[in-house]
Amino acid sequence: DERNNCSHFMNKNVIFFHVGKAGGGTVKKTLGENKLSVSMSHPKPKIKYIDRLKHDQASLIINVRDPVDRFASAFHWRLLLLCSPNDTRRQPEEGDKAFESPREFCYNIKRQEKILREKYKSSPSVLGEALCEESGKQEEAAKEASKIGHSLQLVQWLDFLVEPELIAEVTENGIRDFMALPLEKQEGNDSPLFEQHLDQLSLALLEQRYGREVATRIIESTPETVGASEQKKEKWEHSSVQFNNSTKPPPLTKLGECCLSRHLEKDYRLIQSMLGDVDEEGVLIEPLGNAHPVIGNACKWGSDEQQKLCRADLRSILTRRAVYLDHSEGTCSEVVSRMQ
């Protein structure tokens with residue numbers, strides 16, 4: 001079949017929202033390896049794609065990672081890109097050279113560098129603790145956190161499916177499918193099962209176009225490069241990891257973790273909404289009210305096994321942070337003090 005060797009152009013009806021620090025580069029690479037061409041939006045959603053999703057029968061793919069983990073990763077990545085005092089790296093005259101080669105280039109943005117390195121001690125925990133309501137610094141810290149690259153929250157990426165006045169603009173002929181790709185290492189697993197989501201995504205997209213029999217044949221006939229099976233275990237790692245693998249950042253403090261969880265609470269509520277109304281294991285945190293119904297279809301794609309894995313990954317994210325999101329337990333300081 002000639003379709004086994006050609007590119008599959010799906011740009012008009014498939015859109016990928018590439019959320020930063022959540023394995024999006026791996027999604028892009030995998031789609032390319034399978035010769036799947038879709039519309040992509042990064043580092044923020046493009047208006048033209050949102051308009052298409054509001055009015056056309058398009059499918060939306062979005063990668064999802066634990067919001068606190070993603071924020072911490074974004075913090076360290078931004079810190080890496082900023083020139084430090086006495087930095088020997090070159091400053092690019094134009095373009096994104098620091099993003100592409102952070103060992104050679106850095107951005108000389110002194111004000112932000114000073115805020116992250118001095119005010120927040122190069123630590124997302126310090127910034128996180130400032131984001132707590134009881135800190136007295138919440139408003140200022142929130143403004144500074146929002147300026148960190150890749151810190152755009154899930155509810156901001158998907159505001160047209162979350163905000164009632166924007167939901168009203170989505171027509172009956174609008175978004176057809178909503179597909180979540182969770183990057184999550186469940187307890188007891190050595191690594192995330194992200195590659196399984198990606199394999200199933202490629203198959204699902206091809207199946208939409210050609211049907212199951214042809215789609216399966218295309219996937220099976222796609223040549224695998226030497227060592228690809230071993231590389232699959234590592235390739236989900238985001239771009240910041242490869243430049244920090246010798247100096248792994250310290251874990252978040254419990255207080256910083258709690259404060260960040262509450263700062264990003266709407267994202268966790270959105271993830272709960274992605275599980276839909278039929279989740280057999282019950283609700284861990286309060287879902288978002290009045291979200292577009294398609295949000296609840298986030299895991300309703302691919303095989304039964306894929307759907308089960310997707311739901312388990314999302315629930316794993318929520319389980320880890322649920323204790324911090326129960327406001328009846330008091331402030332973060334009170335919650336953490338009882339944990340010690």
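The values are calculated or read from the model by the stated rules, or taken from the named source; none is laboratory data. None of the values given here were measured: they were computed from a predicted structure. Here the Cβ is made from the backbone with ideal geometry for all residues, glycine too, and neighbour counts use every protein chain on show. Just the protein is used for accessible areas: all its heavy atoms, side chains included, with ligands, DNA and RNA removed. Shrake-Rupley method; radii C 1.70, N 1.55, O 1.52, S 1.80 Å.
Hey, can you find the accessible area per residue of the chain for me, probe 1.4 Å, expressed in square angstrom? Please list the in-between numbers first.
Details: 17550 Å² over 340 residues.
Per-residue accessible area for the chain comes out at 52 Å².
Spit out the partnerless Cys residues in the chain, using Cβ distances under 4.7 Å as the pairing rule.
CYS6
Give me the angle, in degrees from 0 to 90, between the Cα long axis of helix 254-263 and the longest principal axis of the Cα atoms of the chain, rounded to the nearest 10.
60 degrees
For the stretch 1-138, which whole-number percentage of the solvent-accessible area (1.4 Å probe, protein heavy atoms only) is attributable to carbon and sulfur atoms? Don't skip to the answer; put the middle values down first.
Details: 3160 of 6880 Å².
Solvent-exposed carbon and sulfur of the stretch 1-138 make up 46 percent of the total.
Taking only DSSP H segments of four or more residues, each worth -39500 (n - 2.57), what value at 222 nm results for the chain once the sum is divided by all its residues, to the nearest 500 deg cm²/dmol? Write down the numbers at each step before the final one.
Details: 16 runs with 145 residues, N = 340.
Using -39500 (n - 2.57) per qualifying helix, the result is -12000 deg cm²/dmol.
May I ask you to derive the relative contact order of the stretch 1-129, considering only C-alpha pairs under 8 Å and at least 6 residues apart, and to give it as an integer percent? Provide the component values of the computation, followed by the final result.
Values: 144 pairs, mean separation 27.8, N = 129.
Across the stretch 1-129, relative contact order equals 22 percent.
Name the long-range amide H neighbours of ASP177: under 5 Å, sequence gap of 5 or more, or other chain; modelled H, no Pro or chain starts.
SER59, LEU60
First measure r as the distance between the Cβ atoms of GLN91 and LYS119, then evaluate 1/(1 + (r/R0)^6) with R0 = 30 Å and state the FRET efficiency to the nearest 0.05. If you can, show how the numbers build up before the last one.
Numbers: r = 22 Å, r/R0 = 0.75.
Calculated value: 0.85.
Pick out, in residue order, every one of the GluC sites (Glu not before Pro) in the stretch 19-97 that is DSSP loop and has at most 11 other C-beta atoms within 10 Å; say none if there are none.
Numbers: sites: GLU33, GLU93, GLU94; in loops: GLU93, GLU94.
Here the GluC sites (Glu not before Pro) that fit, given the DSSP loop and packing criteria, are GLU93, GLU94.
Loop only by DSSP, 12 or fewer other Cβ within 10 Å of the Cβ. Give me the trypsin sites (Lys or Arg not before Pro) in the stretch 114-218 that pass, ordered by residue number. Intermediate values should be presented prior to the final figure.
Working: sites: LYS114, ARG117, LYS119, LYS121, LYS137, LYS143, LYS147, ARG176, LYS185, ARG209, ARG212, ARG217; in loops: LYS121, LYS137, LYS147, ARG176, LYS185.
In loop regions of the stretch 114-218 (DSSP not H, G, I, E or B), the sparsely surrounded trypsin sites (Lys or Arg not before Pro) are LYS121.
Given R₀ = 30 Å, FRET efficiency for THR171-TYR210 by Cβ-Cβ distance, to 0.05? Don't jump to the answer; show the numbers that get you there.
Working: r = 28 Å, r/R0 = 0.92.
After rounding to 0.05, the efficiency reads 0.60.
Please go through the residue pairs LYS21/LYS110; LYS147/LYS266; LYS54/LYS185; LYS143/LYS300; LYS46/LYS110; LYS12/LYS308 and name each one whose alpha carbons sit more than 26 Å apart in this structure.
Working: LYS21/LYS110 23 Å; LYS147/LYS266 18 Å; LYS54/LYS185 33 Å; LYS143/LYS300 36 Å; LYS46/LYS110 29 Å; LYS12/LYS308 29 Å.
Cα-Cα > 26 Å for LYS54/LYS185; LYS143/LYS300; LYS46/LYS110; LYS12/LYS308; rest within.
Once phi is turned into θ = phi - 60°, what whole-Hz ³J(HN,Hα) does the Karplus curve with 6.51, -1.76 and 1.60 give for every residue of the stretch 34-43, x standing for Gly and Pro?
8, 6, 9, 9, 10, 6, 10, 10, 6, x
Please state the charge dipole magnitude for the stretch 20-88, taken about the Cα centre, from unit charges on C-beta atoms (+1 on K and R, -1 on D and E), reported in debye and rounded to the nearest 20. Don't skip to the end; give the middle numbers.
On the way: 12 positive and 6 negative charges, 43 e Å.
Here the size comes out at about 200 debye.
At a temperature of 25 °C and a viscosity of 0.890 mPa s, determine how fast the chain diffuses translationally according to Stokes-Einstein, using the Kirkwood radius over alpha-carbon pairs as Rh; express D in µm²/s, rounded to the nearest whole number.
Working: Rh = 21.3 Å.
Reported coefficient: 115 µm²/s.
Using alpha carbons only, how many degrees (0 to 90, rounded to 10) separate the axis of helix 304-321 from the longest principal axis of the chain?
It is inclined by approximately 10 degrees.
Please identify every one of the GluC sites (Glu not before Pro) in the stretch 97-136 that sits in a loop by DSSP and has no more than 12 other beta carbons within 10 Å of its own beta carbon. Mind showing how you got there, number by number?
Working: sites: GLU100, GLU104, GLU113, GLU118, GLU129, GLU133, GLU134; in loops: GLU104.
The qualifying sites are GLU104.
Above 25 angstrom, tally the Cα pairs of the stretch 12-119 and express them as a % of all pairs, no decimals.
Values: 2209 of 5778 pairs.
Summing the P(r) tail past 25 Å for the stretch 12-119 gives 38 percent.
I'd like the orientation of helix 265-274 relative to the chain: the angle between its Cα long axis and the longest Cα principal axis, in ° from 0 to 90, rounded to 10.
For 265-274 against the chain, the angle is about 20 degrees.
In terms of solvent-accessible area of protein heavy atoms at a 1.4 angstrom probe, what is the ranking of ASP199, ASP267, highest value first?
Of ASP199, ASP267, the descending order of accessible area is ASP199, ASP267.
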